[in-house]
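The values are calculated or read from the model by the stated rules, or taken from the named source; none is laboratory data. Model, not experiment: these values are computed from the prediction. All Cβ positions, glycine included, derive from the backbone under ideal geometry; neighbour counts span all protein chains shown.
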């Protein structure tokens, strides 16, 4: 009973945030520059939003309008003044945040050329370690608010996870050597925080390598919902998520031992895929 009630609450929260996103998107229609694509991403599109969730959305123009028009559009939707912004319209991208009906709304504004350039950084340049993997993952799951056909075209491209990208990610993440000798020395140097830092970095490397092996976009930037992500890894060490969580809770000596074992298992999987 409790699971069903929780599920219904999550869906209701997601639907409420969808309605807010649609309102914001429509408020941008009719500016001096036309909207060519607007989309919703984040927890809402997976129907797992809750009372703490915000609205993550994007509004894309062929050419970005001036900031005053964007501020006015947000106000037209009922939003309060922006309380945070990063990036630059002159450089093709601006991210802003404001509150609407008590909910935080984050909008990424881009021009179309910048969006395609960022996608190409992953799909064409095969960059294995860039925050644009978060963009790729978000686009792949996104729901259209305006410009459904354009989003579908992007999603068709992103759905093809090419072998060169897989190998580039695996080689990049596993190729960064884990400093085992330094780790063993730190155990006797009252360096608990440093030990944990090294362990987290090593865990990220293993996850990144396995993401490449399994054809999943991955970035350490704002990495959330780890358990859900690791559950998608069809090729991974047994009980991988639980072992990652456990090694970050036990003492440093036991953690390093488990990490060393995990790294060996990941390398075996990679070698089975790429023997040359």
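Please specify each residue of region 20-46 satisfying the condition of being part of a helix (DSSP H, G or I) and either modelled with pLDDT under 95 or within 24 Å of the chain's Cα centre (by Cα) (or both). Reasoning before the result, please.
To start, the set of residues in region 20-46 that are part of a helix (DSSP H, G or I) comprises 20-27, 42-46.
20, 21, 22, 24, 25, 42, 43, 44, 45, 46 - these are the residues of region 20-46 that are part of a helix (DSSP H, G or I) and either modelled with pLDDT under 95 or within 24 Å of the chain's Cα centre (by Cα) (or both).
Could you list, in sequence order, the residues of region 217-238 that are in contact (Cβ under 8 Å) with a residue 60 or more places away in the chain and buried (at least 20 other Cβ atoms within 10 Å of the Cβ)?
217, 218, 219, listed by residue number.
For region 146-166, how many residues meet the condition of being more than 20 Å from the chain's Cα centre (by Cα) and either in contact (Cβ under 8 Å) with a residue 40 or more places away in the chain or surrounded by 15 or more Cβ atoms within 10 Å (Cβ to Cβ) (or both)?
Within region 146-166, residues that are more than 20 Å from the chain's Cα centre (by Cα) and either in contact (Cβ under 8 Å) with a residue 40 or more places away in the chain or surrounded by 15 or more Cβ atoms within 10 Å (Cβ to Cβ) (or both) number 3.
Taking only region 52-76 into account, find how many residues are under 14 Å from residue 108 (Cα atoms), under 19 Å from the mean Cα position of the chain (by Cα) and part of a loop (DSSP other than H, G, I, E, B).
1
What tally of residues in region 20-64 results from selecting those that are over 21 Å from residue 150 (Cα atoms) and out of contact with any helix residue (DSSP H, G or I) (no Cβ under 6 Å at 6 or more places or on another chain)?
5
Taking region 92-106 as the search range and keeping residues that are surrounded by 16 or more Cβ atoms within 10 Å (Cβ to Cβ) and in contact with a helix residue (DSSP H, G or I) (Cβ under 7 Å, 6 or more places away or on another chain), which one is modelled with the lowest pLDDT?
Per the stated criteria, the residue is 92.
Please give the number of the condition residue 101 fails out of (1) within 23 Å of residue 132 (Cβ to Cβ); (2) in contact (Cβ under 8 Å) with a residue 60 or more places away in the chain.
Of (1) within 23 Å of residue 132 (Cβ to Cβ); (2) in contact (Cβ under 8 Å) with a residue 60 or more places away in the chain, only one is false for residue 101: (1).
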